[in-house]
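Trainee: Sharing a structure here in structure tokens format.
The values are calculated or read from the model by the stated rules, or taken from the named source; none is laboratory data. These numbers come from a predicted model, not from an experiment. For neighbour counting, all protein chains shown are included, and Cβ atoms are generated from backbone atoms with ideal geometry for every residue, glycine included.
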Ligand code: PNS
């Protein structure tokens with residue numbers, strides 16, 4: 001049987017329980033899952049540095065034998081090819097995610113017809129959770145404790161609400 005390696009790319013700023021849920025689901029169906037943090041994101045000033053995100057994700061995936069984390073920049077298809085990955089995993093929560101994901105998946109297919117995109121849905125509990133929303137709510141003093149891993153919550157508190 002061939003080894004099925006899949007990349008789970010994203011910004012992960014910060015890692016949420018929705019991301020962790022997707023990692024758990026992905027890890028069950030592929031041989032190797034590589035969480036890949038985009039280094040050259042154009043999403044503006046990040047909350048956590050790439051190194052901090054890498055460290056937090058590393059800690060959270062300790063329990064998985066077939067999950068690793070790394071960083072990448074440039075085109076996702078180039079990174080996936082260099083890794084020998086067959087597919088990219090992306091989480092899809094609502095219809096609006098589809099509108100964002102569809103052109104990316106099609107563009108990636110155009111760039112590399114051999115690379116597939118797999119979509120998985122997180123548990124209903126986290127269908128509304130996004131890194132952007134987490135940061136926005138936390139900044140305004142809202143409680144997001146149940147939506148991110150305890151380690152991420154602790155680090156967010158250390159950063160302080162004003163910085164976000
Ligand atoms: O978590 P995000 O920010 O929604 O993830 C977006 C990501 C990292 C998957 C996407 O921006 C990406 O793949 N960037 C790498 C550059 C690239 O390959 N662009 C062409 C894809 S359309």
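Trainee: How do the pairs read when you match residues in region 64-81 that are more than 21 Å from residue 28 (Cβ to Cβ) with residues anywhere that are within 16 Å of the ligand (Cβ to nearest atom) and part of a helix (DSSP H, G or I), using Cβ under 6 Å and keeping only pairs 6 or more apart or on different chains?
Mentor: Between residues of region 64-81 that are more than 21 Å from residue 28 (Cβ to Cβ) and residues that are within 16 Å of the ligand (Cβ to nearest atom) and part of a helix (DSSP H, G or I), the close pairs are 71/50; 72/79; 77/108; 77/111.
Trainee: Shifting gears a bit: If residue 114 satisfies all but one of (1) part of a loop (DSSP other than H, G, I, E, B); (2) within 16 Å of residue 33 (Cα to Cα); (3) without any contact (Cβ under 8 Å) to a residue 60 or more places away in the chain, what's the number of the condition it fails?
Mentor: It fails just one condition, (2).
Trainee: Exactly one condition in (1) part of a helix (DSSP H, G or I); (2) surrounded by 18 or more Cβ atoms within 10 Å (Cβ to Cβ) is false for residue 33; which is it?
Mentor: (1)
Trainee: Filter region 56-74 down to the residues that are surrounded by 15 or more Cβ atoms within 10 Å (Cβ to Cβ) and either over 17 Å from residue 5 (Cβ atoms) or within 16 Å of the ligand (Cβ to nearest atom) (or both) and list them by number.
Mentor: 56, 57, 60, 69, 71, 72
Trainee: To continue, here is another question. Residue check, residue 109 against (1) farther than 20 Å from residue 13 by Cα; (2) crowded, with 16+ Cβ neighbours inside 10 Å; (3) within 14 Å of the ligand (Cβ to nearest atom), all met but one. Which one?
Mentor: (2)
Trainee: Under 6 Å by Cβ, and 6 or more places apart or on different chains, what pairs join a residue from region 97-108 that is farther than 12 Å from residue 119 by Cα with one that is near the ligand (Cβ under 7 Å from one of its atoms)?
Mentor: Within 6 Å, the pairs are 108/77.
Trainee: Out of region 1-45, which residues are within 21 Å of residue 130 (Cβ to Cβ) and at pLDDT below 95?
Mentor: Within region 1-45, the first condition is being within 21 Å of residue 130 (Cβ to Cβ), and the residues that meet it are 7-26, 33, 35-45.
Scanning region 1-45 gives 40, 41, 42, 43, 44, 45.
Trainee: Another question about this same structure. Exactly one of (1) closer than 25 Å to residue 124 by Cβ; (2) more than 13 Å from the chain's Cα centre (by Cα) is unmet by residue 26. Its number?
Mentor: (2)
Trainee: Hey, another quick one. Report, by residue number, each residue of region 92-106 that is more than 10 Å from the ligand (Cβ to nearest atom), surrounded by 11 or more Cβ atoms within 10 Å (Cβ to Cβ) and in a helix (DSSP H, G or I).
Mentor: 98, 102
Trainee: Still on this structure, I have one more. Return the residues of region 75-91 that are surrounded by 14 or more Cβ atoms within 10 Å (Cβ to Cβ) and within 11 Å of the ligand (Cβ to nearest atom); say none if nothing qualifies. Write out each step before concluding.
Mentor: We begin by selecting, within region 75-91, every residue surrounded by 14 or more Cβ atoms within 10 Å (Cβ to Cβ); these are 76-77, 79-81, 83, 85-91.
Of everything in region 75-91, those that are surrounded by 14 or more Cβ atoms within 10 Å (Cβ to Cβ) and within 11 Å of the ligand (Cβ to nearest atom) turn out to be 76, 77, 79, 80, 88, 89, 90, 91.
Trainee: Could you grab the pairs with beta carbons closer than 8 Å, sequence gap of 6+ or different chains, first residue in region 20-41 and under 17 Å from residue 117 (Cα atoms) and within 15 Å of the ligand (Cβ to nearest atom), second one at pLDDT below 95 and in a strand (DSSP E or B)?
Mentor: none
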